[in-house]
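A.B. asks: Quick one: the structure is below, questions incoming.
The values are calculated or read from the model by the stated rules, or taken from the named source; none is laboratory data. All values reported here derive from a predicted model rather than from experimental measurement. Backbone-built Cβ (ideal geometry, glycine too); neighbour counts: all protein chains shown.
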Amino acid sequence: MARYPHIPSRVAILSFEGPDRYAMVGGLGVRVSELGIALDDAGTRTDLIFVGDPHLDPVESRGTALTLRRWCQWISVHHPLGVYDGEWGKMEDYRNSVPSFVLDEMLRPAAARGERVLVMAEDWHAVPAVLTLDRIAREAGLRDALTILWNANNTYGFHTIDFHALAQAATITAVSRYMKFELAQHGAQALVIPNGIPERIFAEASAAGAAYLRRMLGNRHLLLKVGRFDPDKRWFQAIDAVADLREQGVPVQLVVRGGKEPYGGDVFARATQRGLVIDDVHLDAPTAESLAGVLANSQGDIVNVRSFLPDELLYTLYAAADAVLANSGKEPFGLVGLEVMASGGIAVCGSTGEDYARAFDNAIVCDTADPVELASFLERFWSDPGARERMVESAHATAREFTWPCVLDILDAKLSFVTARS
């Protein structure tokens, strides 16, 4: 029997975000890109329909059977700031055109062969298209050949959704138990299907590069925080914990790779207020060696990296750091935490959507926004000589449970339930 007997041979992923830099804003873009690759690796013919770069080909083949379909390009060419620039016009165009494409190009041929089509729609921007697709599939007498999942990655846009109508049109899913309970506040039941990480992450972190970085830092404790400048990410907790540790004489340095959001000004203002020295740096050649040189020569308490960090270097940095601060106060899933675990690093998580995190077993988990909690947990961790080795081993095993093939096993099991009750 095939490994995924309940995943149809034809799948469409509906999402605003996607693999283009124009469309890659956060975890959603990573999720749908890697999901498409995983389905392709599993032998499933997959179409990822997203709001892509207006200057790239509208249709592009990837892998064996993965097709990227860049939608709304005629609108995006007038909105160069990215996928969410002009989002309302894009939503209307997406709603008006994607459902008929899925019906005519995917559903009708599949139904004629006696097969089903699976549509996986992501977040609030795709809801109008889901409702339209459900309606026109029923009008065409083809709804029995169609399975629609609508997935919640975040609470953004929940106020725009008629959850009763959505539940009639699709099976609602969520990426964590936290998101499941967020949906319950709106009267919606959801099946939990977690995010995944690609298996290649386990090989991309350079052990030699991580060891070199640690040697160059000497006795300093290196902390790393990567992510958007957003209050939900608990940047102030990180800044204040670093300041508290420095005041206690603990040699600690925080490396920051943030976004372009205005809240970054508030974050650095807080650091200055706490007496921390900020060193803005740019890497001409983003390698472990160049980064090690920059950090070793920096006198900053906070090193603000202003240049792009490729994945291999980022994963190496995860492994080299004494801890990676993924300490969000509102995290629907926590993809960074899993990437850190797979890279051989120590993740500091919040305690919302990170279902995989177990305090002081495979991660450090902060329940509050209090910087004293974060600082005291770090000191406890650093005072135990064997803690890092134990936690890295446990974290590595945990990350293996969330690779995309394992997540597709969960998806397949949930689909067996969905199809049984349809």
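A.B. asks: When the residues of region 356-369 are narrowed to those that are of a type in the set (Gly, Ala, Ser) and part of a loop (DSSP other than H, G, I, E, B), which ends up nearest to the chain's Cα centre (by Cα)?
C.D. replies: Result: ALA357.
A.B. asks: What are the residues in region 356-375 that are of a type in the set (Gly, Ala, Ser), without any contact (Cβ under 8 Å) to a residue 40 or more places away in the chain and surrounded by 15 or more Cβ atoms within 10 Å (Cβ to Cβ), if any?
C.D. replies: ALA357, ALA363
A.B. asks: Let me ask something else about it. On the basis of being more than 23 Å from the chain's Cα centre (by Cα) and either surrounded by 15 or more Cβ atoms within 10 Å (Cβ to Cβ) or of a type in the set (Lys, Arg) (or both), does ARG62 make the cut?
C.D. replies: no
A.B. asks: If the requirement is being among the basic types (Lys, Arg), out of contact with any helix residue (DSSP H, G or I) (no Cβ under 8 Å at 6 or more places or on another chain) and in contact (Cβ under 8 Å) with a residue 40 or more places away in the chain, which of these qualifies: ARG220, ARG246?
C.D. replies: That would be ARG246, the only listed residue that is among the basic types (Lys, Arg), out of contact with any helix residue (DSSP H, G or I) (no Cβ under 8 Å at 6 or more places or on another chain) and in contact (Cβ under 8 Å) with a residue 40 or more places away in the chain.
A.B. asks: Would you point out the residue of region 175-229, among those that are of a type in the set (S, T, N, Q) and closer than 23 Å to TYR315 by Cα, that is surrounded by the fewest Cβ atoms within 10 Å (Cβ to Cβ)?
C.D. replies: If we take residues in region 175-229 being of a type in the set (S, T, N, Q) and closer than 23 Å to TYR315 by Cα, then ASN219 is surrounded by the fewest Cβ atoms within 10 Å (Cβ to Cβ).
A.B. asks: Then there's this: Identify all residues within region 160-196 that are touching a Ser or Thr at 6+ places or on another chain (Cβ under 6 Å) and either β-branched (Val, Ile, Thr) or without any contact (Cβ under 8 Å) to a residue 24 or more places away in the chain (or both); write none if there are none.
C.D. replies: Listed by number, the list holds a single entry, ILE193.
A.B. asks: Moving to a separate point now. Here are the criteria: (1) more than 26 Å from VAL250 (Cα to Cα); (2) touching a His at 6+ places or on another chain (Cβ under 8 Å). Tell me which single one ALA397 does not satisfy.
C.D. replies: The number of the failed condition is (2).
A.B. asks: From the set of residues in region 245-257 that are buried (at least 18 other Cβ atoms within 10 Å of the Cβ) and more than 23 Å from the chain's Cα centre (by Cα), which is nearest to ILE278 (Cα to Cα)?
C.D. replies: Per the stated criteria, the residue is GLN253.
A.B. asks: Right, here's the next one. I'm trying to understand the selection: among the residues of region 26-59, which are out of contact with any strand residue (DSSP E or B) (no Cβ under 7 Å at 6 or more places or on another chain) and surrounded by fewer than 17 Cβ atoms within 10 Å (Cβ to Cβ)?
C.D. replies: Within region 26-59, GLY26, GLY43, HIS55, ASP57 meet the criteria.
A.B. asks: Need pairs with beta-carbon distance below 7 Å; first residue not assigned by TED's automatic domain parsing to the domain that holds ALA321 and within region 257-277, second modelled with pLDDT under 95 and assigned to a helix (DSSP H, G or I); sequence gap 6+ or separate chains.
C.D. replies: none
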